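Only one structure is covered here, and it is reproduced in the block below.
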Amino acid sequence: MDDRPAWARRMREERTARGWSQITAVRALMARLPYDPDGPDEQSVLRQWKRWESGEKFPDKYKSHIAATFGSVTGAFFPEHARGESRSQLQIATGMDTVEIVARMRASDVDQATLDALRITVDRLCSEYAYMPAAQLLSEGRAWMGRVVAMLNQRVSLSQMRDLYALAGKLALLVGCVEYDSGDPRQAEATRRAALSLGDEAGHLGVIGWGHEMRCWFALTRGNYRGVIQAANDGIELAPNESVAAQLYAQQAKAWSRLGDRQQTEIALDKGRQVLEALPYPDNIEDHFVVDPAKFDFYRMDCYRKVGEDQLAEQLAGEVIRASTSWDGTERAPMRIAEARITLAVAAARSGDLDSALSYGERALGGDRQSLPSLTMVASDLGQVLKTNYATSPDASDFLAHLRTLIAPDH
């Protein structure tokens, strides 16, 4: 068993995936260090690198440079642990349960305690996006959005009104995402536009930026890659310093990778990495509208799969699965894990391992919580490899038939 710390194991896996020796990795690291005439020489850093990879010593002084050397973010390579507030924490933090919150929302005056409880509720719903059944989340999201909008007709101050518009906007973003996941693109687009309008009313750059990010996502899954690039530029221009900017750059990178432009893919990924590196580690990494560092690895995985860098994509897929799985084996982000399994399937299929490819592929398609447009988009990569390389295989034909049943509602 490998009992090294996760960061030490990852250092070696990242290096091996690139075919680098330790001295090559050290030279790549030193190229990113600030100039210091009295700094350590190459052999000194090599000795430290060996200790880092063995897990003997933590590279505290160098951790951001190590992450950058491998194109990642410090928070992904050396993750902190932050979790959102649960239902029970709502009671602890506010002294109110859901029934009391709703009752207070209907009062003629809105106090700060009610707004705080409402914010925690919205954050909780956005944190449940990854795993809550879509129908249940859609029902709850719409109900709370209706309650918040109704509060705008009550006696509220200007600052409270802005807060309510922002909360309604975030709920609209959530509802629109689930509508799109569930195969209702027209309603999702209408809800996205409503979220943008609410964000404008609140002057909330985060909501506005995510409204444009949803536009990127819709365009990407429909194959409108130039539309993705334009939508991302629009969002970045409006919210350049928000965490959503990192995801907008990542969506651009995904579009460039599908257009076959490796250079622009790398440029977009590095810009997104720089945005995340400059931001503090998120308080709640489970919130769907927070870009946590591990999610950026998820986007890098997709890009490397598309440009044919199978070893890098496979290594990142393993990181995505580990980061998205709790210590007891619970899948905290099943949709990310499904796309990681498709990536592993594509890499296996390209290397000639059909059995592993089909095993990974079937597990990916069998999940309960799915984003149908995204899963269909990435699964089509596997379908293409199977058609090209295994045209005469009955097992491959069976999987392709399963894949067609997944996309049939859109045709």
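The values are calculated or read from the model by the stated rules, or taken from the named source; none is laboratory data. What you are looking at is a predicted structure, and each value in this text was computed from that prediction instead of being measured. In this analysis, Cβ positions are derived from the backbone assuming ideal geometry, glycine residues included, and neighbour counts consider all displayed protein chains.
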Qualifying residue in segment 128-138 (condition: surrounded by fewer than 17 Cβ atoms within 10 Å (Cβ to Cβ), of a type outside the set (Ser, Thr, Tyr), under 30 Å from residue 338 (Cβ atoms) and touching a residue at least 60 places away in the same chain (Cβ under 8 Å)): yes
Residue count, segment 325-369 (criterion: within 18 Å of the chain's Cα centre (by Cα) and in contact (Cβ under 8 Å) with a residue 40 or more places away in the chain): 11
Index of the failed condition, residue 80 passing every other in (1) under 30 Å from residue 121 (Cα atoms); (2) charged (D, E, K, R); (3) modelled with pLDDT of 90 or more: (3)
Looking only at segment 256-276, and only at residues there that are outside any helix (DSSP H, G or I) and out of contact with any Phe, Trp or Tyr (no Cβ under 6 Å at 6 or more places or on another chain), the one that is surrounded by the fewest Cβ atoms within 10 Å (Cβ to Cβ): 260
Close pairs (8 angstrom Cβ cut-off, 6 or more residues apart or separate chains): more than 16 Å from residue 260 (Cβ to Cβ) in segment 209-229, hydroxyl-bearing (Ser, Thr, Tyr) and assigned to a helix (DSSP H, G or I) anywhere: 214/180; 217/180; 217/374; 218/180; 219/225; 221/374; 221/376
Residues of segment 50-69 classified as surrounded by 17 or more Cβ atoms within 10 Å (Cβ to Cβ), out of contact with any Lys or Arg (no Cβ under 8 Å at 6 or more places or on another chain) and closer than 15 Å to residue 6 by Cα, total: 4
Number of the exception - residue 35 against (1) in contact with a His (Cβ under 8 Å, 6 or more places away or on another chain); (2) part of a loop (DSSP other than H, G, I, E, B): (1)
Verdict on residue 8 being under 18 Å from residue 320 (Cα atoms), at pLDDT below 95, outside any helix (DSSP H, G or I) and among the hydrophobic types (A, V, I, L, M, F, W, C): no
So residue 283, is it touching a residue at least 12 places away in the same chain (Cβ under 8 Å), out of contact with any Ser or Thr (no Cβ under 9 Å at 6 or more places or on another chain) and not in a helix (DSSP H, G or I): yes
Condition met for residue 64 (in a loop (DSSP other than H, G, I, E, B) and within 30 Å of residue 287 (Cβ to Cβ)): no
Matching residues in segment 218-255 - criterion: being of a type in the set (Lys, Arg) and modelled with pLDDT of 95 or more: 226, 254
All positions within segment 336-372 that are among the small types (Gly, Ala, Ser), part of a helix (DSSP H, G or I) and buried (at least 19 other Cβ atoms within 10 Å of the Cβ): 338, 340, 345, 347, 348, 349, 357, 361, 364
Any hit, segment 379-393, residues being outside any helix (DSSP H, G or I) and small (Gly, Ala, Ser): yes
In segment 385-396, the residues that are more than 14 Å from residue 346 (Cβ to Cβ) and surrounded by 14 or more Cβ atoms within 10 Å (Cβ to Cβ): 393
